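Structure first, then comments.
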Protein chains: 2
Amino acid sequence: MSTIKDVARRAGVAPSTVSHYFTGNARVSEATRAKIEEAVRTLGYRPNLAARSLRLSQTHTIGLVVPNIANPFFAEIVQSIGFACQQLGYSLLLADSGNDERRELELLQSLYKQHIDGMLIIHTGKRDERSLMATNPPIPIVYVDREVDGLSSVTSDNYAGGRLAARHLAGLGHRRIGILAGDPHVQNVQQRIAGFRDELKEFGLSVGPKYVINGSQTFETGRDVQFLMVLSKPPTAIFATNDIIALGAWNKLCDMKLRVPEDISLVGYDNIDMAEWTVPPLTTVAQDKRELGRQSVVRLIREIQVKDSTPTVIHIPPRLIVRGSTATRRSGA
Amino acid sequence: MSTIKDVARRAGVAPSTVSHYFTGNARVSEATRAKIEEAVRTLGYRPNLAARSLRLSQTHTIGLVVPNIANPFFAEIVQSIGFACQQLGYSLLLADSGNDERRELELLQSLYKQHIDGMLIIHTGKRDERSLMATNPPIPIVYVDREVDGLSSVTSDNYAGGRLAARHLAGLGHRRIGILAGDPHVQNVQQRIAGFRDELKEFGLSVGPKYVINGSQTFETGRDVQFLMVLSKPPTAIFATNDIIALGAWNKLCDMKLRVPEDISLVGYDNIDMAEWTVPPLTTVAQDKRELGRQSVVRLIREIQVKDSTPTVIHIPPRLIVRGSTATRRSGA
DNA sequence: TTGAAAGCGCTAACAC
DNA sequence: GTGTTAGCGCTTTCAA
């Protein structure tokens, strides 16, 4: 592996001249430029970023911690983060916490050692927020998708999304509505439900405790929809706090010979690719994942570059995508 | 950010002693050990990996290039690669090529500059293999999921998987079988189809050109199943070269009021999570993604550590998962 | 068991 | 426009 010295020697100039050529910190004559370029080419020289990092004490690398990249929603966010990084000249160090808060903490530590310039975190949502804060990060951190009080974050406006879903369902005439809540400890879920309930209130509606199913953000929790359907007065519509739960519910409803939307309306959240793949496709609240990822990176890099460390909270507005899984309440119900 | 010198000063020893303590290259006395540990703790010292890399000329980081991390199949592989890396003490630099061969090449170059120790590549499959080889990599590379002639790779045994699918369908009595091939330029697809055809031959069967649909590895290509169903003698069973295509086909079949498996049997490939979510669940050829990821990392690290650079090809055996989307041919058909 | 010193590849003053 | 020089934080002989 050749170094800047090798290039310099071959080009018959000093190492610093080569450096100037690369950094553009000083103008080099046409003649030397040609010689340097020739040397670089024949030697196959690549600047050693480790050395540059050491010297500049910045790595142009950011860390990304996610709870579970196999979750399509997170995968799509990671992708857009990745694209934004490429565009802005940053490398991306990926770490999957496996939705385990202890591991999440270890990963943070080991990322710090890499002396990355900044960190993007989609936290597990399980840990007490304060302990994350207490670690007193040596570098800028922006939380993605799940916000943390008092710290910078870029998230979808979950409260608004909940309202959107409620307005849609109430507008279709539904009055007995169930909620597949998923994990009640996740802040996003709480906000979606809060928005949902608040909007319902404007229609003079509410959701009783028996009409709420808790669990986790998984397909299996969706299948617990059965507990709603065996109620003496089952709901005519259901709000699931994410698409995967909605898909799980739909799956169980199929098993029970209930049809969507004829027998029951179903609204999901996230608008993952799969939401379009059902028959009929799933009505859902879309989060702009591209924008979520892009803004996170942009914001983080801003915090890295200017020492402006006042936490900023960015909310990306959601939008309702009405597809085939919702319909007006049947007069009989 | 404190350095090894700060620690040394505070502990009243020389920097090299602190280094010895960390690397374990020399034994340190109990007394100094205690002083060093105290200093590290109060200073919150973290070794600077960039400096260490420069000195040791190895970064303990590997690069990973994937075509599209939003594809659930790749996402699952990336996850298992990530876990294996964590376990073995390597960091993971992620780069998504967006399934674009030009970008893939750029990413390789920029990863090289990071002086990573090795590289894992799931290539787009579009480029001529040779041009990838020609880049003459300065570091070990292991190709994942999609092999490249003459280079190290860890892939599923796609040919065997194709045979598995064919044996299953033929065994159920199907004689007119269609293939949703997807992208015929992807080697994996070719191999799956080759295996499928060869096994069919053993049953005295074959698939005529009109029964094969080409396209890409997408949901939309799956929906092209309609062109098979309007044939004068439509197939009674279909092999899709991945689950997403199968899901697309199923979606279209639903639209056409055809039922799976009563009217037509359907076999997918990959066993992504979603394959279990249909009603009935999808019969498919499973690739062991965990193992695929783990073996890739293990193999790459071996190539990094011992200079043994004779290319090794590892095939992970697939297995057929029979679920509800396949059934014996109806006597009427 | 500990320390002094050299150097990994690069950049940024500062001189010329 | 170009070169000299020092030093980023770390590890590693080699001596003491």
Count of region A:273-293 residues which are of a type outside the set (A, V, I, L, M, F, W, C), free of Cβ contacts under 8 Å to residues at least 60 places away in the same chain and within 11 Å of chain B (Cβ to nearest Cβ): 4
Can you tell me which residue is nearest to DNA strand D (Cβ to nearest atom) among those in region B:1-16 that are aliphatic (A, V, I, L, M) and in a helix (DSSP H, G or I)? B:I4
B:V65 passes all but one of (1) out of contact with any Asp or Glu (no Cβ under 7 Å at 6 or more places or on another chain); (2) more than 16 Å from DNA strand C (Cβ to nearest atom); which number fails? (1)
Would you check if there is a residue in region A:299-312 being over 21 Å from A:V65 (Cα atoms), in contact with a helix residue (DSSP H, G or I) (Cβ under 8 Å, 6 or more places away or on another chain) and touching a residue at least 40 places away in the same chain (Cβ under 8 Å)? no
Only one residue in B:L205, B:L120 is within 16 Å of the chain's Cα centre (by Cα), at pLDDT 95 or above and more than 21 Å from B:D243 (Cβ to Cβ), so which one is that? B:L120
Result of the Cβ filter at 7 Å on region A:6-24, keeping first residues that are more than 11 Å from A:L43 (Cβ to Cβ) and partners that are among the hydroxyl-bearing types (S, T, Y), at least 6 apart or interchain, is A:V13/A:T32; A:T17/A:T32
Residue identified as surrounded by 20 or more Cβ atoms within 10 Å (Cβ to Cβ), within 28 Å of A:E106 (Cβ to Cβ), more than 9 Å from every other protein chain (Cβ to nearest Cβ) and acidic (D, E) among B:D117, B:D96: B:D117
Take B:S110 and decide whether it is more than 7 Å from chain A (Cβ to nearest Cβ) and surrounded by fewer than 23 Cβ atoms within 10 Å (Cβ to Cβ). yes
Which ranges mark the strands (runs of 3 or more DSSP E) fully within region A:138-186 that have 3 or more residues being surrounded by fewer than 20 Cβ atoms within 10 Å (Cβ to Cβ)? none
Considering only region B:26-66, how many residues are farther than 30 Å from B:V144 by Cβ and not aliphatic (A, V, I, L, M)? 16
Which numbered condition A:D270 misses (of (1) acidic (D, E); (2) away from chain B (no Cβ under 11 Å); (3) surrounded by fewer than 24 Cβ atoms within 10 Å (Cβ to Cβ); (4) closer than 18 Å to A:A75 by Cα): (3)
What's the number of the only condition in (1) within 16 Å of DNA strand C (Cβ to nearest atom); (2) at the interface with chain B (Cβ under 9 Å from one of its Cβ atoms) that A:Q86 fails to meet? (1)
Going through region B:212-223 one residue at a time, which ones are more than 14 Å from chain A (Cβ to nearest Cβ), surrounded by fewer than 18 Cβ atoms within 10 Å (Cβ to Cβ) and of a type outside the set (S, T, N, Q)? B:V212, B:G215
Please go through region A:46-76 and give me each residue that is closer than 23 Å to A:Q305 by Cβ and of a type in the set (V, I, T), ordered by number. A:T59, A:T61, A:I62, A:V65
Residue list for region B:66-83, restricted to those being more than 8 Å from chain A (Cβ to nearest Cβ) and in contact with a strand residue (DSSP E or B) (Cβ under 9 Å, 6 or more places away or on another chain): B:V66, B:P67, B:F73, B:F74, B:I77, B:I81
Restricting to region A:17-65, count the residues that are among the aliphatic types (A, V, I, L, M), surrounded by fewer than 16 Cβ atoms within 10 Å (Cβ to Cβ) and either more than 11 Å from DNA strand D (Cβ to nearest atom) or more than 14 Å from chain B (Cβ to nearest Cβ) (or both). 3
Checked region A:1-44 for anything among the hydrophobic types (A, V, I, L, M, F, W, C), more than 45 Å from the chain's Cα centre (by Cα) and more than 12 Å from DNA strand C (Cβ to nearest atom); matches are A:A11, A:A31, A:A34
Going through region B:224-267 in order, the residues found to be in contact (Cβ under 8 Å) with a residue 24 or more places away in the chain, surrounded by fewer than 24 Cβ atoms within 10 Å (Cβ to Cβ) and of a type in the set (V, I, T) are B:T236, B:V260
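The values are calculated or read from the model by the stated rules, or taken from the named source; none is laboratory data. Computed from a predicted structure; not experimentally measured. A quick note on method: Cβ atoms are made from the backbone with ideal geometry, for glycine too, and the neighbour counts reach across all protein chains shown.
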